[in-house]
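> Before I ask anything, let me first share the structure, which is written out below as structure tokens.
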Amino acid sequence: MKLDDITTVGMAGAGSMGAGIAQVAAMAGFRVNVVDVSEAVWSRAEKTIAKSLERIVKKGAMTEQEMKETLARISFSTDVSTLQDVRFMFEAVFEDINVKKELFAKLDAVCGDDTIYATNTSSIAITEMAALVKRPANFVGMHFFNPVPVMKLVEVIPALQTAEATKNLALEMAQKIGKTAITCKDTPGFVVNRLFVPYIIDAVRLLEEGVASAEDIDTAMKLGCNMPMGPLEFQDFAGVDIGYHVSNIFYDYMKEERYAPPGLLRNMIKAGYVGRKAGKGFYDYSEN
């Protein structure tokens, strides 16, 4: 299959990553069929995409007409059968192997034999997931970064079972939707998170040990290392619960203490302090 043969792509999962991938695919001219388990989720995604495109229009990088055409190329549903004619399928559901296994079983029941599955996982082994589908040679990792419309990188990760043609098609797809792709082995965290997750964990440990306040740790990294966002600010943005979950996955794979989630993360989750989405994490967002 050639990239020119693909006019419609599927997007399973309409969270922040799924919405971002759907947006950039639609901006590249693809029709995008988005599926999620509830109308409330994809309704939120629809609004998120519209606001993002409005910002692009205000910057002068897109016309009002182009925005309308882009939005018209995206459709939403809770029905997996709407993906039956899709030949390239993005997946960005929750980082849990059982959730993904259930989804892939549904996709296998409706998708054609030549459909490519591209998972956006950040921490689960691509080879493990490829083993869950009927056609593992068509399975590949495409790890995007948040916010997808802004971040330029995509990590392309072939599983042991991935066909060379599948990997090459994923690289072409990344370029088509305006991203720069790198290829990496199927190892925990790939490249970026292999370096970034321990950095976040170490920042939490500094706070836990009382070395400095959250504000001072973030200020140190922003002004001392020119980071656009401090590590604890980032964890609030991404979700403390997600950080804890990913750390556990890393630790299970690597069996190295440096990847073990700090107790502070666990206690924050018990208290409901999971970041911006809850109004409180390492910082208080209740007034906003």
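The values are calculated or read from the model by the stated rules, or taken from the named source; none is laboratory data. Keep in mind the model is a prediction, meaning the values are calculated, not measured. No Cβ is skipped: glycine too gets one built from the backbone with ideal geometry, and neighbour counts run over all protein chains shown.
> Taking segment 191-233 as the search range and keeping residues that are at pLDDT below 95 and either polar (S, T, N, Q) or crowded, with 19+ Cβ neighbours inside 10 Å (or both), which one is farthest from residue 141 (Cα to Cα)?
197
> Residue under question is residue 103, and the condition is that it be touching a residue at least 12 places away in the same chain (Cβ under 8 Å) and more than 20 Å from residue 26 (Cβ to Cβ); does it hold?
When the stated conditions are applied, residue 103 passes them.
> Sticking with this one: May I ask you to list pairs of residues, at least six apart or on different chains, whose Cβ atoms are under 8 Å apart, with the first in segment 170-197 being within 12 Å of residue 145 (Cβ to Cβ) and the second being among the β-branched types (Val, Ile, Thr) and modelled with pLDDT under 95?
Close Cβ pairs satisfying both conditions: 193/246.
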